[in-house]
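Novice: Provided herewith is a single structure, encoded as structure tokens, for subsequent inquiry.
The values are calculated or read from the model by the stated rules, or taken from the named source; none is laboratory data. Small disclaimer: the values here were computed from a predicted structure and weren't measured. Glycine gets a Cβ as well: all are built from the backbone with ideal geometry, and neighbour counts include every protein chain shown. For accessibility, only protein heavy atoms count, side chains too; no ligands or nucleic acids. Shrake-Rupley method; radii C 1.70, N 1.55, O 1.52, S 1.80 Å.
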Amino acid sequence: MSLASIKAKKDLEAQQQHHQKHKEELPSEAFNETDMLLQWNKFAQKMTDSGKRLMATYMQMNDPTLNGTTITLELPNQSTKEEFTTGYHELLGYLRGKLHNHDITIEVVVNETVENKYAFTPQEKFERLQQINPNLEVLRKTFDLDF
């Protein structure tokens, strides 16, 4: 380390501090859940249009809830949460800008009990439909149908 590099580092730090706004100078306008959901859905559409469908899918799995300036999103498992948190900084910046509030934070909650069970085989599909309408079993036996 030379004296010139130390001086350059200090100059850079001073320049960065000069450009950063102080916390109290950042906007913190009030907003409601409807405004937040509107911007949330616009960003999800923007992600879909730009080819980032995975992020848009995560955003649209559940409607987020608002508690003060904290937005809470419920996701079905830990891996989904990790994928979402790798790309949510762009979302956070978008929401802070559009809602004019830099106090906004996003909290992701994992709720594995909500995870949907998908039916893939014909047997699983029939069982799922039979839960909805028990008369399907009578129909299947009457016409001697297979799965």
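Novice: Please state the charge dipole magnitude for the chain, taken about the Cα centre, from unit charges on C-beta atoms (+1 on K and R, -1 on D and E), reported in debye and rounded to the nearest 20.
Specialist: 520 debye
Novice: In square angstrom, rounded to the nearest 10, how much accessible surface does Ser50 have for a 1.4 Å probe?
Specialist: Answer for Ser50: close to 70 Å² accessible.
Novice: Would you mind putting 26-32, 89-95 in packing order, based on average other-beta-carbon counts within 10 Å, highest first?
Specialist: Those peptides, ordered most packed to least, come out 89-95, 26-32.
Novice: Between Val109 and Ser28, what is the label-to-label distance in nm when each label sits 7 Å out along the Cα-to-Cβ direction?
Specialist: The modelled label-to-label distance comes out at 2.4 nm.
Novice: Can you pull the accessible area of Thr34 for me, 1.4 Å probe, Å² to the nearest 10?
Specialist: 100 Å²
Novice: Once the whole set of protein chains is in place, how much accessible area is left on Lys98, using a 1.4 Å probe, in Å² to the nearest 10?
Specialist: Using a 1.4 Å probe on the heavy atoms, I get roughly 110 Å².
Novice: Of Lys46, Lys10, which has the most accessible area and how do the rest follow, probe 1.4 Å?
Specialist: Lys10, Lys46
Novice: Can I ask one more? For the chain, what is the calculated [θ] at 222 nm in deg cm²/dmol (nearest 500), taking -39500 (n - 2.57) for each run of four or more DSSP H residues and dividing by its residue count?
Specialist: Mean residue ellipticity at 222 nm (helix-derived): -17500 deg cm²/dmol.
Novice: Same structure again: If you wrap segment 75-147's Cα atoms in a convex hull and average its projection over all directions, what's the area in nm²?
Specialist: Mean orientational projected area (segment 75-147, Cα hull): 7.7 nm².
Novice: Which pairs break 25 Å Cα to Cα here: Lys46/Lys81; Lys46/Lys98; Lys52/Lys81; Lys46/Lys125? Working shown, then result.
Specialist: Values: Lys46/Lys81 20 Å; Lys46/Lys98 14 Å; Lys52/Lys81 16 Å; Lys46/Lys125 34 Å.
Correct reply: Lys46/Lys125.
Novice: For the chain, taking Cα atoms only, what is the radius of gyration to one decimal and the Dmax to the nearest whole Å?
Specialist: Both quantities, over Cα of the chain: 24.7, 92 Å.
Novice: Below 8 Å between Cα atoms, with a sequence gap of 6+, how large is the relative contact order for segment 19-114 in percent? Write down the numbers at each step before the final one.
Specialist: Numbers: 108 pairs, mean separation 33.0, N = 96.
Dividing the mean separation by the residue count of segment 19-114 yields 34 percent.
Novice: Give, in nm to one decimal, the length gained when the segment between Leu12 and Asn135 is fully stretched (0.36 nm per residue of separation minus the Cα-Cα distance).
Specialist: 36.8 nm
Novice: Can you find, among Leu145, Thr57, Leu91, the residue sitting farthest towards the positive end of the charge dipole of the chain, where Lys and Arg contribute +1 and Asp and Glu -1 at Cβ?
Specialist: About the Cα centre, the residue reaching furthest to the positive side is Leu91.
Novice: I've got another one for you. Report, in degrees rounded to the nearest 10, the 0 to 90 angle that the Cα long axis of helix 122-132 makes with the longest principal axis of the chain.
Specialist: Once rounded, the angle reads 90 degrees.
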